[in-house]
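Okay, structure first, notes after.
The values are calculated or read from the model by the stated rules, or taken from the named source; none is laboratory data. Everything quoted here is computed from the prediction, not taken from an experiment. Cβ atoms come from the backbone with ideal geometry, glycine included; neighbour counts cover every protein chain shown. In case anyone asks, the SASA skips ligands and DNA or RNA and just uses the protein heavy atoms, side chains included. Shrake-Rupley method; radii C 1.70, N 1.55, O 1.52, S 1.80 Å.
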Amino acid sequence: MHSAPLKGIKVLEFTHAVMGPCTGLLLADMGADVIHVEPTKGDNTRRLKGFGTGYFWFYNRNKKSLAVDLKSDEGIQLIYDLVKEYDVVVENFGPGTMDRLGLGYDKLKTLNSKLIYCSLKGFLSGPYEKRHAMDEVVQMMGGLAYMTGRKGDPLRAGTSVIDITGGMFGYIGILQALYEREKTGEGGFVKSALFETCAFLMGQHMAYASQIDYEIPPMPSRVSAWSIYKVFDTKDDSKVFVGIISEKHWVRLCEVFEWNDWGSDERLETNNKRIDERDWFLPALDERFKAFTKQEIIDRCDKGHIPFAPISQPEDLFDDVQLNEGDSLLDVTMPDGKTTKLPKFPLEYKGTRSGIRMNPPKIGEHTAEVLKELNIDDATIAKMVSEGIIKMK
């Protein structure tokens, strides 16, 4: 049995790339009936290469595909008819696009007063709101790239963290609106944006900046709040991260590695004292860890209940014991027909996890099914296909 708390919620999703599809994925994984509306040639995200290769196939499982020409009057009318019966619209196209198509909130709410409309943009209301933005743009302007890279070398995070988090905020906003609708019977407009999402993630650093009289250093140059919180080289030319965030961790570290001299050294007896001694202490710690292999460090830290981590690559996650034995991976069929394992919604709900109901859809795979909800007969559907208004697989 899989979690499906949103079963019965019907969603029309006009999205591409990551942010919007992420919101739809979260809704779909939790049981909502999500229709991914795409052009008759298919969502361009399907054809991305390089780092975009996996976008469509990760963010569009458990969704149906409706392929329709939104530049045609007939295509727009189909959407109007569907909107009357649906709960949620999600969109993440450029500023003004949905309004130009006649699919903006002001129009659609006249068709369905209970409609919840989630708009995912680069910026919330304000001077920048008509700008186009992407994940990397706001990582640069929102301070995240500065904090991630080394001094003078800003570096974007290693995944689409702002797109994903912004999509999560969109999901949260939709849940709020659904809850309020239960009380009022009215829908509403929800907006999430990349830049403000990035600013929210920078909140802890902004609070830090308000308390100091010097420039905040990027993360690689920081003085950590923890005396030991870094990556160490090993005897077998590998690397392991070790973090000591309590005095109990420090005592256990000295015990499992048999560093009795440090365990009794008054200069190192507290976290703050170890930070004060970091100029000699950290280089000495580097050398001590180099006397152990990666596995020896992992085994000893595990024995001592000390926070540690191997330095993994994405490919390593396919075989991770926790993800596999903890039921955190789904078998998903990719466009080449091969099956791979991809992460589930990272939440346990009433003792269950989300599951796979549908693989990422083919272009127009569910067009006929969706149109039959409107009681459109086969002859009319065939005529619309011949006129290029819709596409079926």
Within the stretch 329-345, the residues that are touching a residue at least 24 places away in the same chain (Cβ under 8 Å), farther than 15 Å from Gly54 by Cβ and open to solvent by 30 Å² or more (accessible area, probe 1.4 Å) are Asp331
By residue number, the members of the stretch 124-142 that are in contact with a Lys or Arg (Cβ under 8 Å, 6 or more places away or on another chain), open to solvent by 60 Å² or more (accessible area, probe 1.4 Å) and in a loop (DSSP other than H, G, I, E, B) are Ser125, Glu129
Residue match in the stretch 296-314 (condition: part of a loop (DSSP other than H, G, I, E, B) and without any contact (Cβ under 8 Å) to a residue 40 or more places away in the chain):
yes
In the stretch 96-123, anything among the basic types (Lys, Arg) and assigned to a loop (DSSP other than H, G, I, E, B) is listed as Lys114
Residues of the stretch 137-195 being basic (Lys, Arg) and within 22 Å of Met219 (Cα to Cα), in sequence order, are Arg150, Lys151, Arg156
Is the stretch 349-370 home to any residue that is outside any loop (DSSP other than H, G, I, E, B), open to solvent by 60 Å² or more (accessible area, probe 1.4 Å) and within 30 Å of Val11 (Cα to Cα)?
yes
Given the conditions (1) open to solvent by 50 Å² or more (accessible area, probe 1.4 Å); (2) under 28 Å from the mean Cα position of the chain (by Cα), every one holds for Ser113 apart from (2)
When the stretch 159-185 is checked residue by residue, the ones that are under 20 Å from Ala133 (Cβ atoms), of a type outside the set (Ser, Thr, Tyr) and open to solvent by less than 20 Å² (accessible area, probe 1.4 Å) are Ile162, Gly166, Gly167, Gly170, Gly173
Matching residues in the stretch 154-179 (under 19 Å from the mean Cα position of the chain (by Cα) and assigned to a loop (DSSP other than H, G, I, E, B)) number 6
**Prompt:** Taking Met384, is it of a type in the set (A, V, I, L, M) and assigned to a loop (DSSP other than H, G, I, E, B)?
**Reply:** no
Picked from the stretch 143-153 (must be under 22 Å from the mean Cα position of the chain (by Cα) and on the phi < 0 side of the Ramachandran plot), the residue most open to solvent (accessible area, probe 1.4 Å) is Tyr146
Flagged pairs (Cβ under 9 angstrom, 6 or more apart or on separate chains; first in the stretch 198-216, within 13 Å of Met147 (Cα to Cα); second hydroxyl-bearing (Ser, Thr, Tyr) and exposed (fewer than 14 other Cβ atoms within 10 Å of the Cβ)) are Ile216/Tyr208
Query raised in the report: Given the structure, is Asn375 open to solvent by 90 Å² or more (accessible area, probe 1.4 Å), assigned to a loop (DSSP other than H, G, I, E, B) and not hydroxyl-bearing (Ser, Thr, Tyr)?
Result: yes
Q. Does the stretch 152-170 include one or more residues that are touching a residue at least 60 places away in the same chain (Cβ under 8 Å) and of a type in the set (Phe, Trp, Tyr)?
A. no
